[in-house]
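The block underneath contains the structure these notes are about, expressed in structure tokens.
A short reminder: the numbers here are calculations on the coordinates, not readings from a lab. These figures come from a predicted structure and were not determined experimentally. With ideal geometry, Cβ positions are generated from the backbone for all residues, glycine too; neighbour counts draw on all protein chains shown.
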Amino acid sequence: MNLAGQLYKLQQIDLELERKQQELNEVENQLGDNKALVAAVSKIAAQKEQLEDAKRNQKNSEWELEDLQEKVRQIDSKLYAGKTKDPKELVNLEKEVKGLKSQISMKEDTLLGLMSQVEEIEAEAKTTAEEAKRLKREWEQRQETLGPRKSEIETALAEVREDRNELAHQVDSQAFNIYERIRLTRGQAVVKVERGRCLGCHITVPTSQWQKAKAGDLIQCNNCNRILYLE
Ligand SMILES: [Zn+2]
């Protein structure tokens, strides 16, 4: 293999390295991406707290309601026992019962609201739990399939790197340095010449130039500086 051929081969290896590295990055991104699961788990915690608060409110409201009902019972039993004879006191007691009953009615409405709030949060929490379960399963499946895929790519990458090292040692060091320098600025350092044109910049290459390149000399395009390669 002549010098230009070696550099062209080196470039193919470098392109393969780039592709494999990109593939590895994508797999690693997918493997590490558990944002949705983390979000679902923290949502579960928040809803659990909400539910506890709502249940506490419900309990308090039930106790307050029981207290009011107990008060009404006590006054009722006083009234029915006929112990109170004083009409003024009777009127007052009846007024008190009336007031208590309207408080009870309001409390009952509040309690109903709190109960439906608890039910709502319970339903939401159930949905979130199912969602988290699904996300966890998906994540585990991803680990199962992508874990081995990652190892495969890493092994392949190591092999391609070895090929590159081997070839890099064979290539003339000055030519290798030129290749590396052009690669840094141009991305691809070696380009083919087709129908007399440099495929890097599409400018016509003088015949004498491409003939030398074909013979295997290190010839760079006058326009884009890339190394010219002819099979
Ligand atoms: Zn060119």
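Go ahead and run the numbers for FRET between LEU184 and SER151, Cβ-Cβ distance against an R0 of 35 Å, rounding to 0.05. Don't skip to the answer; put the middle values down first.
Values: r = 31 Å, r/R0 = 0.88.
After rounding to 0.05, the efficiency reads 0.70.
This model, with +1 at the C-beta of Lys and Arg and -1 at the C-beta of Asp and Glu, gives region 1-77 a dipole about its Cα centre of some 220 debye. Taking 0.36 nm per residue of separation and subtracting the current Cα-Cα distance, fully stretching the chain between LYS212 and VAL97 would add 30.1 nm. Rounded to the nearest 0.05, the FRET efficiency derived from the C-beta distance between LYS136 and ASN29 at R0 = 30 Å is 0.95. Note on the chain: dipole from Cβ charges, positive end direction compared against ALA46, LEU100, LEU167; the farthest Cα belongs to LEU167.
Across TRP63, TRP139, TRP210, mean-square fluctuation computed from a Gaussian network of the chain (C-alpha pairs under 10 Å connected) peaks at TRP63. Using the Cβ of ILE153 as centre and a radius below 13 Å, the other residues enclosed give a net charge of -3, where K and R count +1 and D and E count -1. Here's the list of aspartates and glutamates a cross-link from LYS192 could span, going by alpha-carbon distance under 19 Å and ignoring same-chain residues fewer than 8 apart: ASP14, GLU16, GLU180, ASP217, GLU231. GNM remark for the chain: springs join alpha carbons under 10 Å apart, and the peak mean-square fluctuation among LYS150, LYS85, LYS55 falls on LYS85. Placing +1 on the Cβ of every Lys and Arg and -1 on the Cβ of every Asp and Glu, with nothing else charged, gives the chain a dipole about its Cα centre of roughly 680 debye.
Sequence-ordered 3J(HN,Hα) estimates for region 223-229 from the Karplus curve with 6.51, -1.76 and 1.60 and θ = phi - 60° stand at 8, 9, 6, 6, 6, 8, 9 Hz, glycine and proline given as x.
Magnitude of the charge dipole for region 103-155, about its Cα centre and with charges confined to Cβ atoms of Lys, Arg (+1) and Asp, Glu (-1), is about 300 debye. The residue among LEU31, TYR229, MET115 whose Cα reaches farthest toward the positive pole of the charge dipole of the chain, with charges on the beta-carbon of Lys, Arg, Asp and Glu, is TYR229.
So, in Å, what gap is there between the alpha-carbon centers of region 87-162 and region 16-79? Comparing the Cα centres of region 87-162 and region 16-79, I get a distance of 4 Å.
Estimated at 0.36 nm per residue, the fully extended path between GLN143 and GLU62 surpasses their Cα-Cα distance by 24.3 nm.
For the residue pairs LYS20/LYS133; LYS59/LYS107; LYS78/LYS98; LYS59/LYS126; LYS59/LYS101; LYS71/LYS95, the alpha carbons lie more than 24 Å apart in LYS20/LYS133.
For labels at ALA36 and ASN165 in the simple 7 Å Cα→Cβ model, what's the distance in nm? Here the answer is 4.1 nm between the modelled labels. Evaluate E = 1/(1 + (r/R0)^6) for ALA123 and ASP76, where r is the Cβ-Cβ distance and R0 equals 25 Å; express this FRET efficiency to the nearest 0.05. Taking R0 as 25 Å, the efficiency between ALA123 and ASP76 is 0.05.
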